[in-house]
Structures are given as C-alpha cells and as structure tokens.
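Trainee: Just dropping this structure here.
The values are calculated or read from the model by the stated rules, or taken from the named source; none is laboratory data. Note that this is a predicted model, so its numbers are computed, not measured. All Cβ positions, glycine included, derive from the backbone under ideal geometry; neighbour counts span all protein chains shown. Just the protein is used for accessible areas: all its heavy atoms, side chains included, with ligands, DNA and RNA removed. Shrake-Rupley method; radii C 1.70, N 1.55, O 1.52, S 1.80 Å.
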Amino acid sequence: MMKLLAALVALAALAFVPAFAGPYPLGLGIGILGYGVLATAWAMFSGPTRYISLATVAFFGLGAYTVAVLADVLPYPLVLLVAALVGLVVALIVGLATLRLAGIYFVIFTFGLTELVRQLVTYYEVNVTRTLGRYVFLPIGPEHIYWQLLALLAATLAIAFWVSRSRIGLALRVIGDDPDVASHLGVRITRTKLTLFSISCVIMTLAGAIQAPRWTYIEPSIVFNPTTSFLVVIMALLGGPNRLFGPLLGAIPLFLLFEWLSANFPNHYSIILGLLFIAIVFVLPNGVLAAGDSLWSRLTRKAVRP
Amino acid sequence: MSLLSLRGVTKSFGGLTAVNGLSFDLIAGETVGLLGPNGSGKTTALNLISGYLPVSDGIIALSGETISTIGPERIAHRGVARTFQLVRALPSLSVGENVLAALAFRKAPVWGRQAESHIERLLADVGLAGRAAQPADSLTYIDLKRMELARALASDPQLLLLDEWLAGLNPTELRAGIALITSLRQRGITILLVEHVMDAVRALCTRCIVMNAGSKIADGPTAEVLADAEVIRAYLGDDHA
Ligand SMILES: Nc1ncnc2c1ncn2[C@@H]1O[C@H](COP(=O)(O)OP(=O)(O)O)[C@@H](O)[C@H]1O
Ligand SMILES: [Mg+2]
C-alpha cells in the first residue's frame, strides 16, 4: 500500500517534468515512459507464463500505423480507440494461433510474426497506396505525448497490479508453473492466456499509437524495428518480470544505456544488444532484483548460522 | 448407482497398448484399489479418467454422463481430482497458493478472505497446519505429497484418484496416511487408489481391481483378489503360482 501511494505521488510529480525540461531531456523522458509501458505490458503476460514474446514491435508498429492512416480522417481519441481495436483483433488471431506453442517455438513464431506484419504493411503501401512512408501531421506536441504516455503507464501499472491480485493472475502463474496441473484444477488455459495476451498487446498498440506524432514521417522499417522487441525483453527480464515495478526499473537504465550506445557505437550497437539479450535470457530469467534478493537471503542466512 | 463407469477403454501409444479394453464400475462411496505390476497400465488408466490423456477407444462416464470426450478442466469441474505418481507441485507458488489454486478454479470457486480459512483447514487436515506461507519448493518430498493431496481435496471432489500416494512413506507416516484416507472415505468421497503397499490396500480397500499388461485380470473383494492365483502369478512370475 505504501509503495502504491509513493508511486501515485511520483507519477503526479512526473507530470510536471515538461514544465521544466528542455526538448532533449523531454525526449528522453518520452523514450523511458514508452519503453516502461512496453516492458510492463510485456511482463504482464510473459512474466508468469515465461513465454518470451518477440511480437512487441508488431503491435507497437500497428498502433503507429493506425494513427498515420487515420489521423486525417477521424478525431484523435477515436483514432486511439481504433488502434486499440486493431491491436485487440490481431492479438486474438495471433493468440489463438500461437498460444499452444511452447518454448522456443513461441519465440520464433512471434519473431516471424513481426516480420510478416512488416512485410504485409510494406506490400500494401507499395502496391496499393503506392507510397512507402506516410506523414503524420497532428497538432500534438512532445509534452502532450509525454502526458499521454504517463497516463498510459499509470493505467498499465494499475492493470498489472490488479492482475497480480486477481484470480486471472493466479491462473496465469499456475499455467506458467505447470499447465497440466492447471487444467486438472479447472483452469481454462486458452481463455486465460488469450485474455492476458490481448490486454498486454492492446497496451503495446496504444504505446505505438501515442508516439506516432513524434516521427512526423513513418515507414515500416522505423516502426517495425525488431530491436524494440529485443530491448523490451531485456528491460523486463533485467528488472524482474514478476515484480510490479521491475520492468519499469529495468527500462530506465537500459533505455539511457542504449541511447548512448546507439549514438556513440552505431555499428556495434546490435551486437551488444544481441549479446546482452542472450546473457540475460540465460543467466537471469528472473531479473537482477530477484537475483539480488536471493543473494541477500543467502548472505543473511549464512550470517545467522553459527 | 455407479459413479464412474469404464467401458472397453483402450489407450495405445504407437504400437504399445497400455490399456486394453478396460471395463469396471465404481459405486459412490467405495474405496477401490487398482493394482498390478509396474507398466501394467494403472497410471495410464488414471490419466484417461482425469482427461490428462485422450482415450483411443471406449467410453468413460461419470454419473452416467460421458467424460471421455471432454478436457481435464471440465472433468475437474464435474468433481474428479487427482494426485500424480511423481508429485507435481506448483514450485513458484507458496504452499497456501497451491491450495488456493484449486479453490479458486473449482466449480464453486472460493476466493479472497473466505479462502484463507479453507486453506488453513485443508492444510491442517493433511498435517501441514501453519505452513501456508512457506514456498512450495522448500517442502520435503513427503510434505509435497501432503500438499498435493490438500490441493486435490480443495477441488471438493466426488471422485479422488490417488496414484501411489503412500509410496515412500516411513511406517509412522504410513499409519497417518492410512488414517487420513480413511477419514476421506468417511466423508463420502469415492476413491480409486493405485497402490503397491499391500498393508494399506488391505486396510483401505473393500474391493480391488488388478491389471496386467493393460488388461483387467481380477476384480472383487480385496481378500479374494489378493489370494487369486492369477494375481500372484502376475506379480511374482509363474514359479510362485
Ligand atoms: N505417455 C506415454 N507415452 C508412451 N508410452 C507410455 C506413456 N505413458 C505410459 N506409457 C507406457 O504404457 C505402459 C503402462 O504404463 P503405466 O500406465 O505408467 O504403468 P503403471 O502405472 O501400471 O506402472 C508402460 O509400458 C509405459 O511405458
Ligand atoms: Mg504408475
């Protein structure tokens, strides 16, 4: 409860950042919030199930594209609503197709899916609309994007908190531990996984939609960049996917680190990212904070013993 | 009235027929032993009843309604619960959450405040009073078995399937285990138990079914079945018959 209160105060304080920050720090703030939302949403499903999804950017990109396509046609709130619905429909289709897969097959499928979505959008744009990119002209400044993302982050954390305390959250943890036991206890596996996968994907879609006005010019290779998916996995796993604030706490330092790396080592950036991904997935699947916890308890237990 | 009924139930794994034309009935309230040498198909039979595996042929019915065509979660909601031969705890959950997982997803779910007293009582019943907060993966093997039984009972079953639940207990634990199962029987739960501990079978089961190589070779009152020449041969080989 105290933690929750502190979080509310922190969020309220963060809302004032645009009043003081210059354009560059505000840009960093938007980046952190965006990745914080993605990592928290990713962990909501992938934390308990341990299904490593690399489809994050497929939904993120769909959100951005929906805004690019509809910004001139519909009022902005309605555009966001349509984006959420697009995310929901795609999540349900993908979920029904993939959630029976496990382990590495799921990882590969979700990665392949992202490429497929990107290719489909590219094909459509080149052959039907005869342009590859699109311009997004919306009268939405960076401070508005910042506030929208902050609101989305607050909502995402609230949903994650609610899920962690609800029956459906317990169901997901039981499935993550042992799907056979889950079904023998009466857990409806497909429905549970599909529900949480969809919630998670809709949030990712909204994160992309809200950030679309930032780019002004959008094309598939920008908004469907697979690096984003890998980065989100690293952030969530590093921070601890089964803690409410873990993914967010992972997103902050890693976003800053990768900003710095991509600015200073643009040629080695992907290699570093790839190595870090492998290291974290294999070595610390429960996160640095959890590893710290277990180390701490080991040390203190030793200290108690005579 | 028969609670569970199997008719010509068969399960093949590729070329191997693990259960072959198995038929029997369980009357509500009975405690029945399912015996047979290793590999005779006992666990597979339980797996077919609980819906863990689909049948290759035959029909399984619970209170007259076919359950061999529906999935394990719906069979669980009809009132079938089980333990596994190799204990399957939910390792990242606490002991209490393991039990809560059964309470929360059964036909008439129990959740929140109300669940806490249920959990305490169920754990106390199996000798794990006050252990709810402990991580499940910190329990000893015997305590895991207890927890798994508490979890099965939390589902509020009409039919309980126990797969060698008493195996590996020391004499004191065995006595406590037998007393526990006896108390379940007195509550009216129908029990089908796979067991190798013959003292327990004699103490608990009024009736026994014996399988060998996938087929039923005996079915009747415990004393008679255990004296049956074919049963002895199945267990000990031809020399002893
Ligand atoms: N999932 C499975 N796939 C292939 N063969 C299996 C499977 N489960 C059991 N069997 C085989 O079926 C036979 C019966 O096994 P089981 O039912 O475990 O016997 P019991 O419980 O009586 O010892 C054995 O030969 C076993 O190897
Ligand atoms: Mg067995």
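Trainee: If B:Asn47 meets every condition in (1) within 16 Å of ligand 1 (Cβ to nearest atom); (2) more than 23 Å from B:Leu166 (Cα to Cα); (3) open to solvent by 10 Å² or more (accessible area, probe 1.4 Å) apart from one, which number is that one?
Mentor: (2)
Trainee: Of the numbered conditions (1) under 24 Å from B:Gly177 (Cβ atoms); (2) of a type in the set (Phe, Trp, Tyr); (3) within 13 Å of chain A (Cβ to nearest Cβ), B:Tyr141 fails exactly one; give the number of that condition.
Mentor: For B:Tyr141, the exception is condition (3).
Trainee: Every residue in segment A:253-265 that is surrounded by 17 or more Cβ atoms within 10 Å (Cβ to Cβ) and modelled with pLDDT of 90 or more, please.
Mentor: Those that are surrounded by 17 or more Cβ atoms within 10 Å (Cβ to Cβ) and modelled with pLDDT of 90 or more: A:Leu254, A:Phe255.
For (1) at pLDDT 90 or above; (2) closer than 27 Å to A:Ile175 by Cβ, each residue gets a yes or a no:
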residue	(1), (2)
A:Ala71	no, no
A:Val79	yes, no
A:Ala84	yes, yes
A:Gly87	yes, yes
A:Ala91	yes, yes
A:Gly112	yes, yes
A:Glu115	yes, no
A:Val128	no, no
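Trainee: Kindly indicate whether B:Gly41 is away from every other protein chain (no Cβ under 14 Å), buried (at least 20 other Cβ atoms within 10 Å of the Cβ), within 16 Å of ligand 2 (Cβ to nearest atom) and at pLDDT below 95.
Mentor: Here the answer is no, as B:Gly41 does not meet what is asked.
Trainee: List, please: which pairs have Cβ atoms under 7 Å, are six or more places apart or on different chains, and start with a residue in segment A:94-111 that is touching a residue at least 60 places away in the same chain (Cβ under 8 Å) and end with one that is aromatic (Phe, Trp, Tyr) and open to solvent by less than 80 Å² (accessible area, probe 1.4 Å)?
Mentor: Close Cβ pairs (under 7 Å, with a partner that is aromatic (Phe, Trp, Tyr) and open to solvent by less than 80 Å² (accessible area, probe 1.4 Å)) amount to A:Gly95/A:Phe197; A:Leu99/A:Phe197.
Trainee: Further question on the same structure: What number of residues within segment A:7-29 are within 23 Å of the chain's Cα centre (by Cα), open to solvent by 60 Å² or more (accessible area, probe 1.4 Å) and modelled with pLDDT under 85?
Mentor: Final tally of qualifying residues: 1.
Trainee: Output the residues belonging to segment B:59-81 that are touching an Asp or Glu at 6+ places or on another chain (Cβ under 9 Å) and either at pLDDT below 95 or open to solvent by 20 Å² or more (accessible area, probe 1.4 Å) (or both).
Mentor: B:Pro72, B:Arg78
Trainee: Can I ask one more? Please go through segment B:63-106 and give me each residue that is at the interface with chain A (Cβ under 7 Å from one of its Cβ atoms) and part of a loop (DSSP other than H, G, I, E, B), ordered by number.
Mentor: Selection gives B:Gly71, B:Arg88, B:Leu90, B:Pro91, B:Ser92, B:Leu93, B:Arg106.
Trainee: Looking at B:Gly21, B:Gly29, B:Gly51, can you tell me which residue is within 14 Å of chain A (Cβ to nearest Cβ), on the phi > 0 side of the Ramachandran plot and more than 16 Å from ligand 2 (Cβ to nearest atom)?
Mentor: B:Gly51
Trainee: Which residue pairs have Cβ atoms closer than 9 Å, lie 6 or more positions apart in sequence or on different chains, and pair a first residue in segment B:18-30 that is without any contact (Cβ under 8 Å) to a residue 40 or more places away in the chain with a second residue that is within 16 Å of ligand 1 (Cβ to nearest atom)?
Mentor: Here the result reads B:Asp25/B:Leu6, each pair linking segment B:18-30 to a residue that is within 16 Å of ligand 1 (Cβ to nearest atom).
Trainee: Continuing with this model, one more query. Among the residues of segment B:1-38, what is the count of those that are part of a loop (DSSP other than H, G, I, E, B), surrounded by fewer than 18 Cβ atoms within 10 Å (Cβ to Cβ) and within 16 Å of ligand 1 (Cβ to nearest atom)?
Mentor: Of the residues in segment B:1-38, 4 are part of a loop (DSSP other than H, G, I, E, B), surrounded by fewer than 18 Cβ atoms within 10 Å (Cβ to Cβ) and within 16 Å of ligand 1 (Cβ to nearest atom).
Trainee: Based on this model, can you work out whether A:Ala182 counts as surrounded by 24 or more Cβ atoms within 10 Å (Cβ to Cβ), free of Cβ contacts under 8 Å to residues at least 40 places away in the same chain and in contact with a helix residue (DSSP H, G or I) (Cβ under 6 Å, 6 or more places away or on another chain)? Full working, then the answer.
Mentor: Details: surrounded by 24 or more Cβ atoms within 10 Å (Cβ to Cβ): yes; free of Cβ contacts under 8 Å to residues at least 40 places away in the same chain: yes; in contact with a helix residue (DSSP H, G or I) (Cβ under 6 Å, 6 or more places away or on another chain): yes.
Answer is yes for this residue.
Trainee: While we're on this one: Pull up segment A:170-197, narrow it to residues that are over 21 Å from A:Val94 (Cα atoms) and among the small types (Gly, Ala, Ser), then point me to the one that is farthest from the other protein chains (Cβ to nearest Cβ).
Mentor: A:Ala182
Trainee: Which of the residues that make up segment A:95-122 are farther than 21 Å from A:Thr227 by Cβ and hydrophobic (A, V, I, L, M, F, W, C)?
Mentor: We begin by selecting, within segment A:95-122, every residue farther than 21 Å from A:Thr227 by Cβ; these are A:95-103, A:105.
The answer is A:Leu96, A:Ala97, A:Leu99, A:Leu101, A:Ala102.
Trainee: Residue by residue through segment B:57-92, note down the ones that are within 12 Å of ligand 1 (Cβ to nearest atom) and not aromatic (Phe, Trp, Tyr).
Mentor: B:Gln85, B:Leu86
Trainee: Right, next: Can you pull out every residue in segment B:10-37 that is within 18 Å of B:Gly188 (Cβ to Cβ) and of a type in the set (Ser, Thr, Tyr)?
Mentor: If the condition is that a residue be within 18 Å of B:Gly188 (Cβ to Cβ) and of a type in the set (Ser, Thr, Tyr), then B:Thr31 is the only one that fits.
Trainee: All but one of (1) open to solvent by 20 Å² or more (accessible area, probe 1.4 Å); (2) touching a helix residue (DSSP H, G or I) at 6+ places or on another chain (Cβ under 6 Å); (3) within 10 Å of chain A (Cβ to nearest Cβ); (4) farther than 14 Å from B:Leu153 by Cα hold for B:Gly112; state the number of the condition that does not hold.
Mentor: Status for B:Gly112: all satisfied but (2).
Trainee: Let me ask another. Which condition from (1) under 17 Å from A:Ile175 (Cα atoms); (2) buried (at least 22 other Cβ atoms within 10 Å of the Cβ); (3) touching a Gly at 6+ places or on another chain (Cβ under 8 Å) is the one that B:Val99 breaks?
Mentor: It fails just one condition, (3).
Trainee: Could you run through segment B:115-125 and say how many residues are surrounded by fewer than 21 Cβ atoms within 10 Å (Cβ to Cβ) and among the aliphatic types (A, V, I, L, M)?
Mentor: Qualifying residue count, segment B:115-125: 2.
Trainee: Only one of these is of a type outside the set (Phe, Trp, Tyr) and either open to solvent by 10 Å² or more (accessible area, probe 1.4 Å) or not in a helix (DSSP H, G or I) (or both): A:Thr66, A:Thr40. Name it.
Mentor: Only one candidate passes the filter, namely A:Thr66.
Trainee: Determine if segment A:89-102 includes at least one residue that is polar (S, T, N, Q) and in a helix (DSSP H, G or I).
Mentor: Checking segment A:89-102: at least one residue is polar (S, T, N, Q) and in a helix (DSSP H, G or I).
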